[in-house]
């Protein structure tokens with residue numbers, strides 16, 4: 001039933017009015033209609049009674065099956081991939097996001113030259129993939145689609161190069177990158193807003209966030225990190241979308257730390273976690289790499305006291321350096337501890353130095369605060385100030401050049 005609820009949520013994410021939903025067992029898929037003729041007739045009666053204008057099949061439907069069902073029911077039919085593409089089309093606002101959605105849509109439609117988007121375009125104006133209702137998919141033949149895909153690919157290369165320049169400029173600063181990942185609607189954007197005081201769209205909608213968003217966040221000891229909010233993952237994510245959105249997910253691939261945000265109050269949280277792990281593997285990321293990945297069990301405010309106590313005990317059994325963190329992005333509970341954990345994880349690959357500054361060195365402390373993470377600061381009777389500071393590997397040479405007397409401390 002959780003899968004059915006998710007399908008209903010996907011439909012409502014683009015303001016569709018869901019008048020009915022049902023699970024239809026399919027023991028043997030029919031090549032012509034997917035489901036048996038009896039079920040086709042039964043559903044047809046419900047469609048006629050409720051004047052339904054769109055049917056969503058939560059699974060893959062072949063072009064032939066789609067065409068036959070549309071003919072039998074007298075209404076438009078789209079499958080799970082088509083629905084997700086429609087949601088992505090509505091959510092994408094940046095040039096990169098729009099190009100990626102259009103490319104994925106064209107790849108999907110290349111094998112099914114049928115007019116399957118008319119209903120949605122009439123209802124809310126449409127995304128305009130191929131010119132709107134005035135131009136059918138049948139008229140947009142394979143050659144036209146392929147030519148358009150090639151133009152989009154060239155445009156995407158240009159956008160990717162721009163994003164690469166942005167990432168390169170961040171590396172020159174450089175700040176560690178912390179990326180939020182997780183199943184759609186796990187609360188990533190709410191947590192992003194809580195940690196960065198930003199105002200990213202955070203609604204109880206599937207795929208509320210599509211375009212990547214990055215903001216700086218100040219860690220407890222003064223270090224600055226870049227926090228990146230990303231599109232949510234979902235079960236059976238179309239492979240065309242994984243490939244098309246690889247550029248958007250490059251921030252995830254290159255991130256120093258990954259925060260796997262889970263809706264721990266959801267009944268299917270383990271299954272959702274498994275789906276996220278599968279997508280990470282497709283991106284070439286080891287989901288068991290505890291040097292990079294931190295599990296964040298979100299929505300603790302929705303747990304009853306008994307379940308909360310049980311989960312706290314489970315988290316406490318893990319290694320102190322690698323355990324999961326129970327938080328509530330809505331209330332802020334647990335977020336300070338999470339920031340400390342991010343800081344500790346980043347520090348694993350950083351060396352610590354002791355720097356002693358004279359009383360007349362006014363610029364030195366500013367340099368250390370700007371470029372490093374101040375662990376401690378002690379002043380002696382002579383006015384000298386002893387700093388313990390941790391710096392990124394890229395900044396070690398600059399630190400030693402600026403403060404030749406700096407001593408590296410053993411871990």
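Read-outs throughout are calculated quantities, based only on the coordinates presented, and are distinct from any laboratory measurement. As the structure is a computational prediction, the values presented were derived from the model and not from experiment. Note that we place each Cβ from the backbone using ideal geometry, even for glycine, and neighbour counts take in every protein chain shown.
A few notes on this one:
- Of the peptides 330-337, 264-271, 303-310, the order by per-residue mean of other Cβ atoms within 10 Å, starting with the highest, comes out as 264-271, 330-337, 303-310.
- Separation in nanometres of the label points that stand 7 Å from Cα toward Cβ, at residue 282 and residue 216: 3.5 nm
- In terms of packing, defined here as the mean over residues of other Cβ atoms within 10 angstrom, the peptides 14-21, 222-229, 63-70, 288-295 line up highest first as 222-229, 63-70, 288-295, 14-21.
- Shape category assigned to region 293-347 from the gyration tensor of Cα positions, a/c cut at 1.5: oblate
- Modelled label positions at residue 316 and residue 291, each set 7 Å beyond Cα in the direction of Cβ, lie 3.1 nm from each other.
- Computed lengthening from residue 110 to residue 309, 0.36 nm per intervening residue step minus Cα-Cα distance: 66.5 nm
- Using 0.36 nm per residue and subtracting the Cα-Cα separation, the extra length available between residue 49 and residue 24 on full extension is 7.1 nm.
- Tensor-based shape of region 313-384 (alpha-carbon gyration tensor, a/c under 1.5 rounded, otherwise prolate or oblate): prolate
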